[in-house]
Amino acid sequence: MATKEFAIIGSTSSGKTDLALSLAKKHDSIILSLDSLSVYKEIDIASAKPTISERAAIEHFGIDCILVNEVFNVQIFINEYLRASKKARSLDKSLIIVGGTSFYLKSLLNGLSDVPTISDETNKKVKELLENRAQAHSFLNSIDPTHANKIPSADSFRMLKALQIYFETGLTPTQYFKENIAKPIIKDIEIFNITTERQELRKRIAKRTEKMVDIGIIDETAYLEREFGRSYNPMQSIGIKEVLGFLDGKYKKERMKELITTHTAQLAKRQSTFNKGQFPTAINGSLEYLTKKLTV
């Protein structure tokens with residue numbers, strides 16, 4: 001395994017984490033988690049992050065970085081990458097980047113443009129506009145249809161950033177990013193994309209859901225709600241939101257598990273589509289095929 005930095009991506013429940021842990025143990029590597037929930041402390045079961053014992057012998061970055069009530073953004077992930085990469089180089093170890101939130105990997109490849117300092121007046125204006133996300137998206141479309149077409153109306157974070165740029169600078173996001181070109185953080189990295197047949201993946205997801213319930217996702221969610229309430233973005237994540245519905249008495253436990261499995265399968269489909277479209281040079285293959293390829 002001569003490559004010093006490489007990424008393992010794939011749909012949720014495809015076996016990425018176990019493969020990365022196995023490789024890291026065998027080759028004494030460092031792992032950077034590419035997962036939007038694992039960054040949060042105390043979201044352990046819903047995120048399916050590696051356990052403390054699994055992490056004991058392998059240094060991890062990108063896990064347990066912030067609390068649920070703290071704001072996470074791509075820059076935080078990039079900072080974690082820079083820390084992990086520096087540590088790996090200093091120890092002459094490989095860095096394995098692994099997870100399902102491939103948008104963060106894309107951000108490393110594309111880089112981020114510098115963003116302006118946002119005034120309180122702009123923040124207030126944008127916050128009021130985002131009280132109606134459909135209306136906010138319509139407004140963004142009226143000033144910059146090119147950029148609006150890239151953002152789903154449900155993606156309040158990216159709409160927030162686009163509107164902040166417009167109201168703060170007077171430039172549309174498209175104009176702003178043309179004038180502030182992003183620089184790649186990683187210029188060349190080998191990417192391995194695990195592909196899984198849909199029915200097999202559904203079985204894996206259902207099995208993982210059962211395990212999450214067995215080891216305490218209901219208690220974890222109840223604790224998180226007591227500590228942080230429901231208003232923060234992580235509390236609307238798959239696994240957590242369905243358990244909250246169960247705790248509200250909207251449905252029974254079996255229906256809760258069905259919903260978690262269905263919503264996770266839908267996420268897996270979106271992840272698969274994104275990975276195929278955004279990483280054309282990735283090496284694609286089954287878990288078994290890529291395991292053999294990476295352990296040579």
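The values are calculated or read from the model by the stated rules, or taken from the named source; none is laboratory data. All values reported here derive from a predicted model rather than from experimental measurement. Cβ coordinates were reconstructed from backbone atoms using ideal geometry, including for glycine residues, and neighbour counts include every protein chain displayed.
Here are the numbers:
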item	result
Hey, Gln199 polar (S, T, N, Q) and closer than 22 Å to Thr264 by Cα or not	yes
Sole residue being touching a Phe, Trp or Tyr at 6+ places or on another chain (Cβ under 7 Å) and either modelled with pLDDT under 95 or in a helix (DSSP H, G or I) (or both), chosen from Leu290, Leu201	Leu290
Inter-residue pairs, beta-carbon under 8 Å, first in contact (Cβ under 8 Å) with a residue 24 or more places away in the chain and under 16 Å from Ala20 (Cβ atoms) and in segment 281-296, second of a type in the set (D, E, K, R) and in a helix (DSSP H, G or I), 6+ apart	Ile283/Lys293; Gly285/Lys293; Thr295/Lys26
Any hit, segment 37-50, residues being crowded, with 23+ Cβ neighbours inside 10 Å, modelled with pLDDT under 95 and under 26 Å from Lys187 (Cβ atoms)	no
Criterion violated by Ala206 - all others in (1) closer than 30 Å to Asn79 by Cβ; (2) among the aliphatic types (A, V, I, L, M); (3) surrounded by 16 or more Cβ atoms within 10 Å (Cβ to Cβ) satisfied	(1)
Boolean, Asp188 is of a type outside the set (Ser, Thr, Tyr) and at pLDDT below 95	yes
Segment 251-280, residues that are free of Cβ contacts under 8 Å to residues at least 12 places away in the same chain, basic (Lys, Arg) and touching a helix residue (DSSP H, G or I) at 6+ places or on another chain (Cβ under 9 Å)	Lys252, Arg255
Sole exception among (1) in a loop (DSSP other than H, G, I, E, B); (2) on the phi < 0 side of the Ramachandran plot; (3) surrounded by fewer than 16 Cβ atoms within 10 Å (Cβ to Cβ) for Gly249, by number	(2)
Helices (runs of 4 or more DSSP H) lying entirely in segment 1-119 (those with 1 or more residues that are under 30 Å from Gln175 (Cβ atoms), under 12 Å from the mean Cα position of the chain (by Cα) and among the aliphatic types (A, V, I, L, M))	74-91, 102-110
